Amino acid sequence: MPDDDADRFTAIYDGCRQRVWAYVVSRAGRQVADEVVNETFTVAWRRLDDVPEPPLPWLLVVARNILRDSIRAEARRASFAAEVMSWAQPAEADIAEEVSERSALLKALATLPEDDRELLILAAWQGLTPAQAAVVVGCSPLTLRVRLHRARRRLELAASACPPAEEAAPAHRVSTRARIAVGKEAR
């Protein structure tokens with residue numbers, strides 16, 4: 001490269017570096033300013049023949065484009081990271097806790113009257129809307145909502161009275177046949 005190109009670049013760098021840096025700081029802060037200024041003058045060195053007189057407006061356009069590209073790249077990285085995080089499955093809880101909680105809930109459900117169990121099963125397990133469940137039960141949707149609300153409250157009370165299996169001390173075991181015979185088994 002001829003000496004006059006090196007001298008021209010040095011003159012451009014010395015004359016414009018502070019102003020380009022101030023421009024970038026005003027747009028993006030001090031943390032990225034040095035990197036953007038370095039990239040700006042790297043582009044100026046590679047394209048020295050394209051740098052017009054006066055060079056400052058051209059350099060500011062280059063700095064602006066580099067800054068815009070870095071902001072877009074950061075947005076893409078953030079979007080990609082969010083997408084990858086959405087694919088990640090949440091950590092599974094201890095299977096023993098889930099089994100214990102399910103067992104306690106089934107025991108609480110078994111203590112409820114048949115009508116309450118039917119409403120809860122239609123809503124929760126069968127996934128019916130209140131209007132659909134009302135057709136099955138034979139009442140209005142408003143009546144079903146009230147009954148379902150009351151059934152849920154009774155289930156909460158029964159669940160709080162039935163601790164999980166490992167916490168409850170087995171007072172006496174009732175056979176499965178006896179529970180089925182009196183209609184207390186939830187399926």
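Points to keep in mind about this one:
- Protein-only accessible surface at a 1.4 angstrom probe places the residues Arg47, Arg145 in the order Arg145, Arg47, largest first.
- With every protein chain in place, segment 1-87: carbon and sulfur % of accessible area (1.4 Å): 54 percent
- Projected label distance in nm at Leu60 and Ala22, using a 7 Å step from Cα toward the beta-carbon: 1.1 nm
- Square roots of five times the Cα gyration tensor eigenvalues for segment 101-144, Å: 22, 11, 6
- Under the convention that each Lys and Arg Cβ holds +1 and each Asp and Glu Cβ holds -1, the size of the dipole of segment 1-87 around its Cα centre is about 580 debye.
- Asp7 sits with roughly 100 Å² accessible to a 1.4 Å probe, with DNA, RNA and ligands left out of the calculation.
- Think of a 1.4 Å ball rolled over the protein heavy atoms: segment 33-121 then has 67 Å² of accessible area per residue.
- Residue-wise HN-Hα coupling along segment 102-111, computed from phi with Karplus coefficients 6.51, -1.76, 1.60 (Hz; x: Gly, Pro): 5, 4, 5, 5, 5, 5, 5, 4, 5, 7
- Residue-normalised convex hull volume from the C-alpha trace of segment 1-69: 76 Å³ per residue.
- At full extension, Arg152 and Val99 could sit 17.0 nm farther apart than now, given 0.36 nm per residue minus the alpha carbon distance.
- Straightening the chain between Arg30 and Trp87 buys 17.0 nm, computed as 0.36 nm per residue apart minus the Cα-Cα spacing.
- Counting protein heavy atoms only, segment 97-143 has 59 percent of its accessible area on carbon and sulfur, 1.4 angstrom probe.
- Couplings for segment 26-38, taken from phi via the Karplus curve 6.51 cos²θ - 1.76 cosθ + 1.60 with θ = phi - 60°, read 5, 8, 10, x, 5, 5, 9, 4, 4, 5, 5, 5, 4 Hz in order; Gly and Pro are left as x.
- Per-residue HN-Hα couplings for segment 8-23 [Karplus 6.51, -1.76, 1.60; θ = phi - 60°; Hz; x = Gly/Pro]: 5, 4, 4, 5, 5, 4, 5, x, 10, 3, 5, 6, 5, 4, 4, 4
The values are calculated or read from the model by the stated rules, or taken from the named source; none is laboratory data. All values derive from a computational prediction rather than experimental measurement. Using ideal geometry, Cβ is built from the backbone for each residue, glycine included, and neighbour counts are taken over all protein chains shown. Heavy atoms of the whole protein, side chains included, go into the accessibility calculation; ligands, DNA and RNA do not. Shrake-Rupley method; radii C 1.70, N 1.55, O 1.52, S 1.80 Å.
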